[in-house]
1. Could you list all residues from region 99-117 that are over 17 Å from ALA12 (Cβ atoms) and either buried (at least 16 other Cβ atoms within 10 Å of the Cβ) or out of contact with any helix residue (DSSP H, G or I) (no Cβ under 8 Å at 6 or more places or on another chain) (or both)?
2. Inside region 7-62, can you point out the residues that are in contact with a strand residue (DSSP E or B) (Cβ under 9 Å, 6 or more places away or on another chain) and touching a residue at least 60 places away in the same chain (Cβ under 8 Å)?
3. For residues that are of a type in the set (Val, Ile, Thr) and more than 17 Å from PHE14 (Cα to Cα), tally how many sit in region 51-63.
4. Would you call LEU92 in contact (Cβ under 8 Å) with a residue 24 or more places away in the chain, in contact with a Phe, Trp or Tyr (Cβ under 6 Å, 6 or more places away or on another chain) and surrounded by 12 or more Cβ atoms within 10 Å (Cβ to Cβ)?
5. Search region 43-64 for residues being modelled with pLDDT of 90 or more and of a type in the set (Ser, Thr, Tyr), and hand back the single one that is surrounded by the fewest Cβ atoms within 10 Å (Cβ to Cβ).
6. Could you count how many residues in region 68-101 are part of a loop (DSSP other than H, G, I, E, B) and among the acidic types (Asp, Glu)?
7. Residue under question is LEU40, and the condition is that it be outside any helix (DSSP H, G or I), aliphatic (A, V, I, L, M) and either surrounded by fewer than 16 Cβ atoms within 10 Å (Cβ to Cβ) or touching a helix residue (DSSP H, G or I) at 6+ places or on another chain (Cβ under 6 Å) (or both); does it hold?
8. In region 123-136, how many residues are crowded, with 21+ Cβ neighbours inside 10 Å and either of a type outside the set (A, V, I, L, M) or farther than 18 Å from ARG84 by Cα (or both)?
Amino acid sequence: MPGYVGFWQRLAAFLIDWMVVFVVYGPLVVTAFGTEYFSLDVPRYWDAATGLVIAVGTLLFWRYQGATPGKIAIAARIVDAETRRAPSTGRLVVRLLAYLVSALPLGLGFLWIAIDRRKQGWHDKIAGTVVIPDDE
């Protein structure tokens, strides 16, 4: 039976990814807008641009590395669930958009990874992807 990367490993990868975003993007935001940007009282005009930059960066990592920095750090990669080869760019875009499906009902689509036999979140099921150890 092929191995899949489970919930706790994927959570660790997610936390690593957000640390990378914070370390890289945080200083840019502070330089451009000052620390007031993080106040809840200030309009957040750049949030959409920030989300777009993160989304494009994520897609580029998935497409050219098979994983984000967090998944690379835990030696995991995203593959097509059927062929176990690199997913198409279209499939990766669907996977990214399907994150909303996983996130909106209180993150249940991400928690699903913990109980699914192939360790797929709802976004993986929708896109037809699985996360496997990078040594396979």
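1. First, the residues of region 99-117 that are over 17 Å from ALA12 (Cβ atoms): 99-106, 108-109, 112, 115-117.
TYR99, LEU100, SER102, LEU104, PRO105, LEU106, GLY109, TRP112, ILE115, ASP116, ARG117, listed by residue number.
2. From region 7-62, those in contact with a strand residue (DSSP E or B) (Cβ under 9 Å, 6 or more places away or on another chain) are 9-10, 13, 62; that's our starting set.
Within region 7-62, GLN9, ARG10, ALA13 meet the criteria.
3. Pass one, region 51-63, residues of a type in the set (Val, Ile, Thr): 53-54, 56, 58.
Next, from what is left, pick out any that are more than 17 Å from PHE14 (Cα to Cα): none.
Counting residues in region 51-63 that are of a type in the set (Val, Ile, Thr) and more than 17 Å from PHE14 (Cα to Cα) gives 0.
4. Working: in contact (Cβ under 8 Å) with a residue 24 or more places away in the chain: yes; in contact with a Phe, Trp or Tyr (Cβ under 6 Å, 6 or more places away or on another chain): yes; surrounded by 12 or more Cβ atoms within 10 Å (Cβ to Cβ): yes.
When the stated conditions are applied, LEU92 passes them.
5. Ranking the candidates gives TYR64 first.
6. Applying the first criterion (part of a loop (DSSP other than H, G, I, E, B)) to region 68-101 yields 68, 74-75, 81-88.
Going one step further and asking which of them are among the acidic types (Asp, Glu), we end up with 82.
Qualifying residue count for the region: 1.
7. Values: outside any helix (DSSP H, G or I): yes; aliphatic (A, V, I, L, M): yes; either surrounded by fewer than 16 Cβ atoms within 10 Å (Cβ to Cβ) or touching a helix residue (DSSP H, G or I) at 6+ places or on another chain (Cβ under 6 Å) (or both): yes.
Yes, satisfied.
8. The total comes to 3.
The values are calculated or read from the model by the stated rules, or taken from the named source; none is laboratory data. Given the structure is predicted, the values throughout are model-derived calculations rather than measurements. Every residue, glycine as well, gets a Cβ built from its backbone with ideal geometry; the counts of neighbours run over all protein chains shown.
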